[in-house]
Every structure is written in structure tokens, then in C-alpha cells.
Amino acid sequence: MIKQRPSFDIAIIGAGIIGTAIARELARYQVKIALFEKDADVGQGTSCRNSGVVHAGFTCPVGSLKAEVCMEGNRVFADFCRELDVPYKKVGKLVIARDKEQIPELYRLRYVGQENGVDLRIIGWDDIKKMEPNVSAAVAAMHSPDSAITNPYLLSIACAENAVMNGVEIFLNTAVRDIEWKESSYLLQTGQGDYRADYVINAAGLYSDRIARMSGEDNYRIYPNRGEYYILDNNKSHLISRLIYPVPPLNSGGLGIHLTPTVDGNILIGPSTEYIDKRDDFSTTVPVLEQLLKEARDFVPGISAKDRIRSYAGIRSKIVPPSRGGFGDFIIKASPTRETFINLIGIESPGLTSAPGIARYVVNMIDQRENLRRKNDFQDSRKANVVFSELPETDKVRLSRENPDYGEVVCRCEGITKGEILSALNNPLGVRTVKGIKYRTRATMGRCQGGYCLSRIINIMQEAGMEFTDITLNGGTSRLFSGQVKGVI
Amino acid sequence: MSGDLLSCNLLCEEERDLVIIGAGPAGLAAAISAYRQGVRDILIIEREARPGGILNQCIHDGFGLHKFSQALTGPEYIDRFIKEVAELNIEILTGSLVTGLSRDKVVTVSNRKQGLFRIRAEAVILAMGSRERSAGAIGLPGQRPAGIYTAGLAQNLMNIHNIMIGKRAVILGSGDIGLIMARRLTLEGASVEAVIELMPYPGGLQRNIVQCLQDYKISLRLSQTVIRVEGKDRVEAVLVSGVDDRLEPVPGTEERIECDTLILSVGLIPENELSREAGIQLDPATEGPLVTDSYSTGVPGIFCCGNVLHIHDVVDYVSDEAEKAGVMAAGYILRESRERSGEDRNFIYMEAGTGIKYILPQLVKPDFRGEFSLRVEKPGKNVEILFLAGDKVLFKKKYYRVDPSQMLRISCPDGLLTGQDLVAGQPAAVKVVVE
């Protein structure tokens, strides 16, 4: 008997911010879409390991594809976040020159930015001091009022949820192992069975070169480039009110170690810039972590080692080799042999900002061939779960008295209630991991890092019918526990 | 302030003479002692489903040696206090988290039964205990797989929830809970590969080094640290390195230890979120409130004791301290001595000088006759602890051996501080040093 293979119009590989944004944009049309993700949740690669900055576009070379999609992204980002109910704050950015030698670079950046249509102005120390009183002495800065911040992993989750609401099928824990062109469509082989699709969109980020190779495209190579970060306690949020950047170091391939206020009131220090061999080595390292703290303190002396609550690393999917350094343009191209196989390669910074623009760009590529027809029942808005700590007090009182689950505080540091944990556990994507709860609620993200709430979260997962031996941090073999201490007598 | 009052009018459902935050060893002892002084309207608020605090998960023995001359387990020790509180009919509101505390002593509470509500207290005793320093707070390098637990969390999972956390563990830090967990894991069939300590001396008490490590042949490696955690999904190994005098890793000394679990026992931090919210001044050395000899914080009517004030080595001393705080809070409520700390000029400031990590209480009156709690910064033999007014030695005490892991208690001798010149508006300072 021949098994009927599930068949789709379009298969998207990779559920990072790019894959999920494309899925959501395509879901506006009458097409059957599958979104494949190797991890246990969406946005687990570079999308949850970046600064969460919505860039204004002054570092993108004039006339580049990057400039085009970044500018479009920045223009629509507030609406994008509003529709998806994801935090967005237009905090602005200062790129700070510490000595006179750096001033010409500020003017160069302003020139590039203005060519791209970015609103920018150069200010002196008096204005810097007024805007950011905790920043140490500098000679000048470029102020970009249109730079903003968002929550990058919530945005991936929101795009995926909105896509699923509109009919996209998502396959988590499903790595695409091979793709064959067979009987006039693609056969995608995964660890979880085979699927057919007429189009393939390769949004596999760090693994996009490997997926491209499955289409016979051998020219791409990803050079993983790691950036390490520190996260600071939210009791230091008062130290800065906007993004604080250095003048980008020449050819480093990064924007320099900067300070980023997050939408949750933490400050991020980072990222560093380092080419590495393995694209899954998210290690932080002793010398870089020391460097981060030092550079942050050079900028804002009020920061101390005691303020650290976590370190992490993200990996940039660079297409420029270490020997050349710097940045390459985004590549969004159909395979030369198959126009229905679209590769997105080298989507590093400002990939998050560009996601809405890239999604539009990819949809246009398909639309030109297929003349896509819009659905008339597309729902463009998605509601986030309740964040109890952010409710007005009268709502807190009402909700906590109506539903006891909102009266039970599970995470002390972030004030997260059992009600929120349960909503996160019952998410529309079916993710049932500790990290899935963490990213959706912030539980374990506070200063005690789960020391208090982890055992409570485990209890709630058990109440919801999970065996504790099956509970994982993030899917796969990331089991938290090895068994019982004592067997039942 | 007006906002506080307004919302309190909306929500304040009851008033209490004394609200104690936390029903652990500090909170329970403070409640009993306040009751004995005559306070009757007492409410203890506890976030767990039952009173007892951290002792509920401390199933090893060794508690009560000082107080009861008996080696009790944690639950046995605290049961004595729980029973007494029950006999005195002191009310404990369990399963309730205090989410807010204002300067005017309005306590915001949340629980399943009542939702969010407020209580106005005449006096408050802070007895919230401490939390554990996390991997992030020490900048632990490497990957972030499953299998990294703080020692107290590991203890909670194993002893309360019957969950085995791993089979092959390395313990970073030699704090007491880490040492206790080294033995606990061994007894439950796990293999403890090593205990790694950054400092050249252990962080926990000598008796725990002997009873938890040496008796089980678990190696304690001093002046070493973890410089990388390996493993994508679950911990696979840690890379350990020697450190130099500046605590920096020494290249060439690395050793890879395979394990599936990393336990962190790298210090406790007094849990002072509520204190900060109430505008209470903290001492950077203890990370707890600055207190007077009546265990009063800088906010009149808010008292403090136990690990939220400073980290203790043994629970018996927590009970002692909490009894004193209970007496003082009762005095405040019963209007016997309503002092206003910070505004009262007649305090002597106790300054932690060379070799002293902290001394407590930080502010004492010249007629103080109580006990000082202090810790030294590093181990020493045949040392003297000196109390100095300027260059003049007021008092000295000899010790054959001192360790940072041990809290020293020194009774203030009669008349020690009475000779101090108190200049109006300027606190006199007495400096304590190790020689």
C-alpha cells in the first residue's frame, strides 16, 4: 500500500523570525502552507539570541537589499507589533563617539542613514548628558529617534501563532533531512515522515547553506559568528533610557558591544564578535564575558558585576568569510535551477527589523509567478496572554478574585501567576517545554533564575498530565530529571 | 504616598498589630517572642503551603545543637516552633505571597483564596530569608543545557518532590548546602565527581567538610573553578581550571570532568525586594537592611531578622536573633520605646574595618548590652578582634581560629561604649578590625 504523503503548496523551512513572518504573510493568501522547525519551539536559534533592536537603517549600504527591507521593516514595525500584540518601544538610539577620531565615522553614518531616509542628528556632550545622565564622558553622538526595541522571541511566537490561526500547519521537532525534486513537486524527507510541496522557502538561518545545497545550490556558505551577552537585573533599568552604541569598530562584522534596554526593563550588554567553527556552540567564554563587563562599565560606570543575572550567546549567520570581515548583503533568491526553491541566506543583523519587509519581498516573488489570491477571512490580529504584573491594579484585583490561578504567584521575581503559566503551557503551537513556558511568561528569567519557581513550574506541568521524567528544558534529550529518588513502596 | 493611601482605601481589608513576612525559623521565633511580650494580634504570612521555610527540605541533622543541645533534623527543629505557634493560636496565612510593602506598612498579599488584597500593619517583621546566587550571577561560562541546578533547588526537588536530578554530578562552590547535597546525592546512588571551590578555603562549615565530603571520599578542590559547561541538551562535562591569587583561571591547568549535572553552591543573598520597595536602606556588606540594636530598620516600625538581615551559619542563631526582633517589635507596638532609627542621633556606628566583612547591628546606643554578629573576610589563626575608637582599643577578643564560613558572636561588655563622646548630630564610630 502506498502511503498518501501530506502535500502542501508551500513548505517553509525554519521557524525563526524570518520563517514565521513569511508564514504569516503568506497566510493572507489561498495557499496551503507547512512550516518545518527542527527545534521544539519556534525562534530558538538566532531569533531568541539577539538584542531585540528595531534598527533605523543607517548601517545598511545605500541601494542594498538590506537597506530596502530594513527601511520597510522599520516603517511598519510598530503596526506589526500592535497587530501581533508584542511589546514595541521606540526608545531611540545614541551612537556615541568617545574621542575626536571617531567623529568622522559619525558623519559617515549620518550620511548613509540620510541617503536611506533615516532621521538623524549629531549632538554634543551637553545634549548627551541631558539625555543619558549615567553615560560617561563623550565628545559627540548621533541620535536616531526611530530606533526601537521589541521582544524578538515573543515576536516569533506571535507570528507563528497568527500563522497557525490562519491555517498554516506547523511541524516542530521536524528537521528536514533531504529534498528531492520528484514528479513535479518537492519531496521533503524529515525525521517525522515525508511531505510534498510545490514551493520550498529556505529560511533556515544558520543552516540555510545546507538546505540550499539540497536544491543543488552549492555556492553558499555560512560562517557562524558568535556574539555573547550579559543580562542585567531589572533594578538597574534606570541607568539608560535608550540604546547606547559605540561607533562601530571597522570590519568587525558587528555593531560593537552596546547597551540595550529591553522591553522588560533589563539591560543587555553585548554582543561580542567572534568567528567560530561550530554553528551550535552557544557557549559563553571567560575572556569575552570579562570584556563585556569592562566595556559596559566604560560606557556606564554605574554597572557592576553584581548586576549580572545571566549570560547567553547568539550566532550570526554570516556569508562573509573571516578573512574579509564586515557585512554582506542579504541574499533572497530563487535557485537558478528551480525558480520554486527560494533561498534566504545570510540574514543577520538587521534581520529582525527586516522580517516584515523580507516576508513581503518573498510573497511578491511567489505572487509574480502564481498570481496569489487573497483569503477574505484572514485574521491579522493575535492576542497575547495576560501579563498579570502589567495590569492596572483594579484589573489585578478583579482577575485574582475571579480566577484563583491569578492569585497564586509562581515566579516571585517577575510576579508571574499560575494562570499565566497555564496559558503558556496550553499554547496554540503545542509547545510543552520549560523554555517554552519561560519565553512565553518570563518565569525563571528574573534575578533568581528559577531557583524559586522551577519546582513550582514542574508541579504545574505534572498537574497538566506530564510525567516529570518526560519534562525537558527545550525538547530532544534535554531532560531535566533522571527518575525518582525513592520508588513507591 | 497619597497613591498608596488611595489604593489602600480601595483594598485594605484588615488591620493588624504585627505582620510577620515569612514562617521560617526567623518568622516563627519572632512571632512567639512578640506574643510572649503581650502582642496578640499577629499574622504570619507564608508563601508555601505549610510553615517551616527552608528547614522543611533540610532532612539532614545537626540543627539545634546550640539551642536544644540536641542534633535534630530541619523538620524536627522547626516542628517545635510550629507547635508552639499553634498552641498560642498565632495565625499563619499559608500559600500567600507578599507582593508589596510600603513605607507606611501596608502589606500587599496574593493568594488563591482571597486574590490580591492589602493589610495595614502597626509593625512589620521582615523574615523572608534568602535566595541562592544563580549561574547567571556568577557569569558561569559555557553552554546552558538542562542539568544545572542551585543546591537548594536540587535539595527541594529531591527531598520534597522525590525527584532525582541526575546521576553524575560536579558541585561548584563549597557552601553548606552544596556540601550537604554532595552527601545526599551520594547516598541516593549518584556519583559526585568533585566539589570545586574558587577560594583557597572552603565556603561551608568545617563540620560539613568532614561529615559530607571526607566521610564519603569526595574530593574538594580549592582554588579551582568551572570555565566551561559543555553539552547541548543536557550537561555532558565541565572544564575545570586552577585559579591564581587574583582568582583568574591559569592556562594549562584545565581538566575536563564528565558529568550530567552541575550543582551550584555559590552563596546566599538576603531576599530584600520588599525591603527595597519600602525604601529601607541596605548595608552593601550584608545585602540586608541596616539595623539598630533593636533590629529596627531605617523605617520606623519595620523590623528584620534571620537570613533576610544577614546570612547565618546555623539556624539556632537565627532563632536567637528573631526572638530579640520579636521583643523589639512588641515594644514598638505596645508603645514602650518607640524609637525612630536614623532620626535618633545618639547612635554609635559600628564600622567593619580591616579583615571584617560585616558587623551587626550597625547602629547601637551607648548603653547597648547585647550581642554583635560578625564575619571575618578570610581564615586566620591566633587572631585578635579589636574594637577601636580612633586609635584607642576599647576591647579585644582572641580567637585560636576564625573562618569566613563561621558567624562570630561577641557579647558587648558592660560599659564598652558608654565612654564614647557623642557629638550632637554626628554618630560616633567604633571600628572593628582583625589583627
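The values are calculated or read from the model by the stated rules, or taken from the named source; none is laboratory data. These numbers come from a predicted model, not from an experiment. Note that we place each Cβ from the backbone using ideal geometry, even for glycine, and neighbour counts take in every protein chain shown. In case anyone asks, the SASA skips ligands and DNA or RNA and just uses the protein heavy atoms, side chains included. Shrake-Rupley method; radii C 1.70, N 1.55, O 1.52, S 1.80 Å.
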Find the relative contact order for chain A and round it to a whole percent, using C-alpha pairs within less than 8 Å whose residues are 6+ positions apart.
20
Choose one of B:Pro145, B:Gly62, A:Leu429: the residue whose Cα lies farthest towards the positive end of the charge dipole of the protein assembly as shown (beta-carbon charges +1 Lys, Arg; -1 Asp, Glu; about the Cα centre).
A:Leu429
Could you tell me which of rounded, prolate or oblate describes chain A, using a ≥ b ≥ c as the square roots of the eigenvalues of the alpha-carbon gyration tensor, with rounded for a/c under 1.5 and, failing that, prolate when a/b is larger than b/c and oblate otherwise?
oblate
No partner Cβ under 4.7 angstrom, meaning no disulfide-compatible partner by this rule: which Cys of chain A qualify?
A:Cys48, A:Cys60, A:Cys70, A:Cys81, A:Cys159, A:Cys413, A:Cys448
Could you sort out which of A:Lys66/B:Lys232; A:Lys236/A:Lys418; A:Lys294/B:Lys378; B:Lys324/B:Lys431 sit more than 30 Å apart by Cα distance in this structure?
A:Lys66/B:Lys232
Computed label-point distance, nm, for sites B:Glu15 and B:Glu435 using a 7 Å Cα→Cβ extension:
5.5
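Assign one of three labels to chain B, namely rounded, prolate or oblate, based on the Cα gyration tensor with a ≥ b ≥ c the square roots of its eigenvalues; rounded applies when a/c is under 1.5, prolate when it is not and a/b is larger than b/c, and oblate otherwise. Walk me through the numbers before you get to the answer.
Values: a/c = 1.87, a/b = 1.28, b/c = 1.46.
Because a/c hits 1.5 or more and a/b fails to exceed b/c, chain B counts as oblate.
Can you give the local net charge around A:Pro145? Use residues other than it whose beta-carbon is closer than 11 angstrom to its beta-carbon, Lys and Arg +1, Asp and Glu -1.
Value of the local net charge: +2.
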Which of B:Ser110, B:Ser134, B:Ser69 fluctuates most in a GNM of chain B (C-alpha springs under 10 Å)? That residue is B:Ser69
Mind checking which of B:Ala135, A:Ala175, A:Met365 is farthest towards the positive end of the protein assembly as shown's charge dipole, using Cβ charges of +1 (Lys, Arg) and -1 (Asp, Glu) about the Cα centre?
A:Met365
With each pseudo-label sitting 7 Å past Cα toward Cβ, what's the B:Arg80-A:Ile331 distance in nm, one decimal?
7.4
In debye to the nearest 20, the charge dipole size for chain B, taken about the Cα centre with +1 at each Lys and Arg Cβ and -1 at each Asp and Glu Cβ, equals 260
Dimensions (Å) - the range A:249-303, Cα atoms, principal axes, largest first:
35, 27, 20
Considering only Cα-Cα distances, which of the following residue pairs are longer than 28 Å: A:Lys93/A:Lys318; B:Lys365/B:Lys397; A:Lys306/B:Lys217?
A:Lys306/B:Lys217
Candidates B:Gln57, B:Gln143, B:Gln281, ranked by Gaussian network fluctuation over chain B, Cα under 10 Å, top entry:
B:Gln143
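Send over the semi-axes of the range B:270-381's equivalent ellipsoid, whole angstrom and largest first, taken as the square roots of 5 times the C-alpha gyration tensor eigenvalues. Please report the intermediate quantities before stating the final value.
Working: eigenvalues 97, 48, 42 Å².
One finds semi-axes of 22, 16, 15 Å for the range B:270-381.
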Cα-based reach from A:Lys182 at 14 Å (exclusive), listing aspartates and glutamates while leaving out same-chain residues under 8 positions away
A:Asp194, A:Asp198
Have a look at B:Gly115, B:Ser102, B:Asn159 and report the one farthest towards the positive end of the charge dipole of the range B:87-179, computed about the Cα centre with Cβ charges (Lys/Arg +1, Asp/Glu -1).
B:Gly115
If I take R0 = 22 Å and measure r between the Cβ atoms of B:Glu377 and B:Arg207 in this structure, what FRET efficiency does the formula 1/(1 + (r/R0)^6) give, to the nearest 0.05?
0.55
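Please say if the range A:1-47 is rounded, prolate or oblate, where rounded means a/c under 1.5 for a ≥ b ≥ c the square roots of the C-alpha gyration tensor eigenvalues, and otherwise the choice is prolate for a/b larger than b/c and oblate otherwise?
On the way: a/c = 4.06, a/b = 1.39, b/c = 2.91.
Oblate is the answer for the range A:1-47, as a/c is 1.5 or above yet b/c matches or exceeds a/b.
How many percent of the accessible area of the range A:195-316 is carbon or sulfur, using a 1.4 Å probe?
Values: 2040 of 4240 Å².
Roughly 48 percent of what the probe reaches on the range A:195-316 is carbon or sulfur.
About the Cα centre, and with charges only on the beta carbon of Lys, Arg (+1) and Asp, Glu (-1), how big is the dipole of the protein assembly as shown? Nearest 20 debye, please. Write down the numbers at each step before the final one.
Details: 110 positive and 115 negative charges, 185 e Å.
My answer is approximately 880 debye.
Rounded to the nearest 0.05, what FRET efficiency do A:Asn173 and A:Arg210 have when you use their Cβ-Cβ distance and R0 = 22 Å?
With a Förster radius of 22 Å, E is 0.75.
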When Lys and Arg each count +1 and Asp and Glu each count -1, what net charge do the other residues less than 13 Å away from A:Asn225, Cβ to Cβ, add up to?
+3
How many angstrom lie between the Cα centre of the range B:307-327 and the Cα centre of the range A:308-382?
59
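Just want to confirm a number: the relative contact order over the range A:1-153, from Cα pairs under 8 angstrom separated by 6+ residues, in percent. Please list the in-between numbers first.
Values: 220 pairs, mean separation 41.3, N = 153.
Rounded, it is 27 percent for the range A:1-153.
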Could you work out how far the C-alpha centroid of the range A:252-299 sits from that of the range A:37-102, in angstrom?
17
Net charge, B:Leu28 excluded, C-beta distance under 11 Å - Lys, Arg +1, Asp, Glu -1
-2
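About the Cα centre, and with charges only on the beta carbon of Lys, Arg (+1) and Asp, Glu (-1), how big is the dipole of the range A:65-224? Nearest 20 debye, please. Numbers along the way, then the final one.
On the way: 19 positive and 24 negative charges, 130 e Å.
Dipole about the Cα centre, nearest 20: 620 debye.
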Shielding by other protein chains, A:405-414, mean Cβ within 10 Å
5
Could you pull out the GluC sites (Glu not before Pro) across the range A:168-233 that fall in loop regions by DSSP (anything but H, G, I, E, B) with no more than 14 other Cβ atoms inside 10 Å?
A:Glu183
To the nearest 10 degrees, how steep is helix B:2-11 against the longest Cα principal axis of chain B, on a 0 to 90 scale?
80
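Please give the direction-averaged projected area of the C-alpha convex hull for the range A:300-430, in square nanometres with one decimal. Walk me through the intermediate numbers first.
Details: hull surface 61.7 nm².
Across all orientations, the range A:300-430 yields a mean hull projection of 15.4 nm².
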Evaluate the distance, in nm, between pseudo-label points positioned 7 Å from the Cα of B:His66 and of B:Asp104 along their respective Cα→Cβ axes.
4.0
Using alpha carbons only, what's the Rg to Rh ratio of the protein assembly as shown with Rh from Kirkwood?
0.99
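I'd like the per residue volume of the convex hull spanned by the Cα atoms of the range B:196-270, given in cubic angstrom. Before the final figure, lay out the partial values.
Working: hull volume 9.1 nm³, N = 75.
Expressed per residue, the convex hull around the Cα atoms of the range B:196-270 is 122 Å³.
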On a 0 to 90 degree scale, rounded to 10, what angle separates helix B:25-36 from the longest Cα axis of chain B?
20
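Find the relative contact order for chain B and round it to a whole percent, using C-alpha pairs within less than 8 Å whose residues are 6+ positions apart.
On the way: 1040 pairs, mean separation 65.7, N = 435.
Across chain B, relative contact order equals 15 percent.
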